[in-house]
Protein chains: 2
Amino acid sequence: MTQLSRVQNFTVSRDGVAAGVEQSLENPFGLDHRELMSWYLGTASMPGRPGFGGTRGLDDYFARDFANNIGAEIMGRNKFGPQRGPWADHEWQGWWGDEPPFHTPVFVMTHHVRPSLTLSDTTFHFVDAGPSDVLTQAKAAANGRDVRIGGGVTTVREFLDADLLDTLHVAVAPVDLGPGLALWESPDDLNDRFEHEVVPSASGVVHHLFWKR
Amino acid sequence: MTQLSRVQNFTVSRDGVAAGVEQSLENPFGLDHRELMSWYLGTASMPGRPGFGGTRGLDDYFARDFANNIGAEIMGRNKFGPQRGPWADHEWQGWWGDEPPFHTPVFVMTHHVRPSLTLSDTTFHFVDAGPSDVLTQAKAAANGRDVRIGGGVTTVREFLDADLLDTLHVAVAPVDLGPGLALWESPDDLNDRFEHEVVPSASGVVHHLFWKR
């Protein structure tokens with residue numbers, strides 16, 4: 001089996017914005033997270049969903065594919081935490097509490113490395129390297145399974161620019177967010193390198209599926 | 001977590017037919033299998049797919065959800081083999097060769113029981129019981145995971161009539177097959193008991209997703 005490099009459930013606004021200005025501790029996405037992610041938060045299979053309920057339609061297929069055959073994740077430092085520059089200390093352990101939803105090795109790309117950190121069955125490694133080297137490390141750690149490129153938008157763009165992505169699932173939420181970091185000007189920007197399917201969902205979100213030609 | 005009873009990737013023609021007349025050894029579906037299943041056979045993640053290639057769009061999400069959180073399958077005897085009535089002998093071991101694609105316990109509903117049969121990591125159990133009892137057995141064997149109701153159409157109908165299904169994914173292929181065993185007159189037949197989403201795919205198939213209200 002080929003080991004794929006996959007972007008999954010990455011959600012942007014109609015105007016392509018995936019992370020806003022003014023990211024903060026209280027507001028990790030720097031904008032209204034619930035508005036952007038409501039399609040996902042309504043599904044029965046959202047990882048870590050407490051209890052029962054939720055929809056089991058199309059959106060749920062994407063939610064429950066989150067961990068399917070994934071053996072490692074790569075994320076940018078801004079997804080791991082709001083700090084910038086050298087670490088003042090190592091108290092910050094990510095946004096996710098004692099039970100992060102990854103359950104695999106996670107490679108955090110940062111110029112400011114620190115010791116690896118294990119929380120439950122997730123271990124965060126901090127690596128100062130480019131996308132190609134980090135992907136090699138993550139594939140080696142993934143036990144034959146695929147690698148999820150978890151974001152944020154700067155990291156996804158970096159892997160796109162290096163042509164290191166095999167598949168992308170990007171959900172376009174029916175909101176406009178204005179200024180912020182944009183993934184693209186238009187989903188069709190990727191059509192030169194990827195097959196591209198557009199699948200509207202009853203929730204109002206439009207799923208864009210890309211795979212390498 | 002609730003253990004669900006799920007129908008997945010069950011494919012019927014536009015006129016609702018899932019299995020034709022004249023089932024035979026050469027033609028397990030009794031009709032043109034490739035025509036009905038071409039949406040599935042074209043995906044990269046079809047279980048047992050030899051080698052690489054194939055699409056990674058919407059249809060592939062359904063293909064790769066086949067084994068996702070499934071701990072057991074229930075099938076009718078006609079899915080297991082073409083014989084009817086008492087077994088002449090136990091030489092028949094199913095359609096799938098030495099490596100069946102199930103990788104879990106499989107419960108075959110039949111009035112003609114025979115000893116359990118293990119092929120690689122799939123074990124077939126033959127049970128003479130109604131859907132409710134078989135589902136209880138399958139859930140106990142599924143290790144907390146969901147149970148797939150694998151078909152054929154008579155078995156799916158039996159579980160529908162007993163109100164024992166939690167979710168159904170039925171793909172409607174763009175072909176008309178005429179006489180044969182039909183799942184329904186119309187997909188809307190189930191709307192009284194299920195939420196129902198209709199998702200057209202680029203392949204021409206239309207995915208119908210149902211989940212219990």
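The values are calculated or read from the model by the stated rules, or taken from the named source; none is laboratory data. Note that the coordinates shown come from a computational prediction; the quantities given were computed from them, not determined experimentally. When we count neighbours, we look across all protein chains shown, and the Cβ atoms used for this are built from the backbone with ideal geometry, even at glycine. Remember, those area values only see protein heavy atoms, side chains included, never the ligands or the DNA or RNA. Shrake-Rupley method; radii C 1.70, N 1.55, O 1.52, S 1.80 Å.
Within the stretch B:102-121, track down each residue that is out of contact with any Asp or Glu (no Cβ under 8 Å at 6 or more places or on another chain) and more than 27 Å from B:D163 (Cα to Cα).
B:R114, B:P115, B:S116, B:L117, B:T118, B:D121
Say we look at the stretch B:52-96 and pick out the residues that are of a type in the set (K, R) and within 14 Å of chain A (Cβ to nearest Cβ); which of these is farthest from B:N9 (Cα to Cα)?
B:R56
Give me the residue from the stretch B:194-204 that is in contact with a Leu (Cβ under 9 Å, 6 or more places away or on another chain) and outside any strand (DSSP E or B) and, out of that set, nearest to the other protein chains (Cβ to nearest Cβ).
This residue is B:A202.
In this structure, does A:L168 turn out to be in contact (Cβ under 8 Å) with a residue 40 or more places away in the chain, surrounded by fewer than 19 Cβ atoms within 10 Å (Cβ to Cβ) and closer than 20 Å to A:G150 by Cα?
On the way: in contact (Cβ under 8 Å) with a residue 40 or more places away in the chain: yes; surrounded by fewer than 19 Cβ atoms within 10 Å (Cβ to Cβ): no; closer than 20 Å to A:G150 by Cα: yes.
Spelling it out, it is not the case that A:L168 is in contact (Cβ under 8 Å) with a residue 40 or more places away in the chain, surrounded by fewer than 19 Cβ atoms within 10 Å (Cβ to Cβ) and closer than 20 Å to A:G150 by Cα.
Please find, among A:V156, A:V170, the residue that is within 14 Å of chain B (Cβ to nearest Cβ), of a type in the set (A, V, I, L, M, F, W, C) and under 24 Å from A:W95 (Cα atoms).
Answer to the selection: A:V170.
The rows are residues; the columns are (1) modelled with pLDDT of 90 or more; (2) within 28 Å of A:K212 (Cβ to Cβ); (3) out of contact with any His (no Cβ under 7 Å at 6 or more places or on another chain).
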{"position": "A:L4", "(1), (2), (3)": "yes, yes, yes"}
{"position": "A:N9", "(1), (2), (3)": "yes, yes, no"}
{"position": "A:R14", "(1), (2), (3)": "yes, yes, yes"}
{"position": "A:L25", "(1), (2), (3)": "no, no, yes"}
{"position": "A:Y40", "(1), (2), (3)": "yes, yes, yes"}
{"position": "A:G48", "(1), (2), (3)": "no, no, yes"}
{"position": "A:T55", "(1), (2), (3)": "yes, no, yes"}
{"position": "A:D59", "(1), (2), (3)": "yes, yes, yes"}
{"position": "A:A63", "(1), (2), (3)": "yes, yes, yes"}
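Identify, from the list B:T123, B:T118, the residue that is within 18 Å of the chain's Cα centre (by Cα) and either more than 21 Å from B:V156 (Cβ to Cβ) or of a type in the set (S, T, Y) (or both).
None of the others qualify; the one that does is B:T123.
Just one of (1) part of a loop (DSSP other than H, G, I, E, B); (2) more than 14 Å from chain B (Cβ to nearest Cβ); (3) modelled with pLDDT of 95 or more trips up A:L165, so point out which.
With respect to (1) part of a loop (DSSP other than H, G, I, E, B); (2) more than 14 Å from chain B (Cβ to nearest Cβ); (3) modelled with pLDDT of 95 or more, A:L165 is out only on (2).
Within the stretch B:183-191, identify whether any single residue is assigned to a loop (DSSP other than H, G, I, E, B) and under 14 Å from the mean Cα position of the chain (by Cα), and answer yes or no.
yes
Test each condition in (1) touching a residue at least 12 places away in the same chain (Cβ under 8 Å); (2) farther than 25 Å from B:S13 by Cα; (3) out of contact with any helix residue (DSSP H, G or I) (no Cβ under 7 Å at 6 or more places or on another chain) for B:F102 and report the one that comes out false.
Condition not satisfied by B:F102: (2).
Applying the selection to the stretch A:92-114, what residues are over 21 Å from A:F159 (Cβ atoms) and open to solvent by 70 Å² or more (accessible area, probe 1.4 Å)?
Residues satisfying the conditions are A:Q93, A:D98, A:E99, A:H103.
Exactly one of these conditions fails for B:H125: (1) of a type outside the set (S, T, Y); (2) without any contact (Cβ under 8 Å) to a residue 24 or more places away in the chain; (3) surrounded by 16 or more Cβ atoms within 10 Å (Cβ to Cβ); (4) within 14 Å of chain A (Cβ to nearest Cβ). Give me its number.
Only one criterion in (1) of a type outside the set (S, T, Y); (2) without any contact (Cβ under 8 Å) to a residue 24 or more places away in the chain; (3) surrounded by 16 or more Cβ atoms within 10 Å (Cβ to Cβ); (4) within 14 Å of chain A (Cβ to nearest Cβ) is unmet by B:H125, namely (4).
Yes or no: B:L117 open to solvent by less than 10 Å² (accessible area, probe 1.4 Å) and of a type in the set (A, V, I, L, M)? Before you say what the answer is, go through the steps one by one.
Details: open to solvent by less than 10 Å² (accessible area, probe 1.4 Å): no; of a type in the set (A, V, I, L, M): yes.
Considered against the rule, which asks whether it is open to solvent by less than 10 Å² (accessible area, probe 1.4 Å) and of a type in the set (A, V, I, L, M), B:L117 comes out as no.
Do any residues in the stretch A:128-155 that are of a type in the set (S, T, N, Q) have Cβ atoms under 9 Å from those of residues that are open to solvent by 10 Å² or more (accessible area, probe 1.4 Å) and part of a helix (DSSP H, G or I), where the two are at least six apart or on different chains, and which pairs are they?
If the second residue must be open to solvent by 10 Å² or more (accessible area, probe 1.4 Å) and part of a helix (DSSP H, G or I), the pairs left are A:T154/A:N78; A:T155/A:R77; A:T155/A:N78; A:T155/A:K79; A:T155/A:P131.
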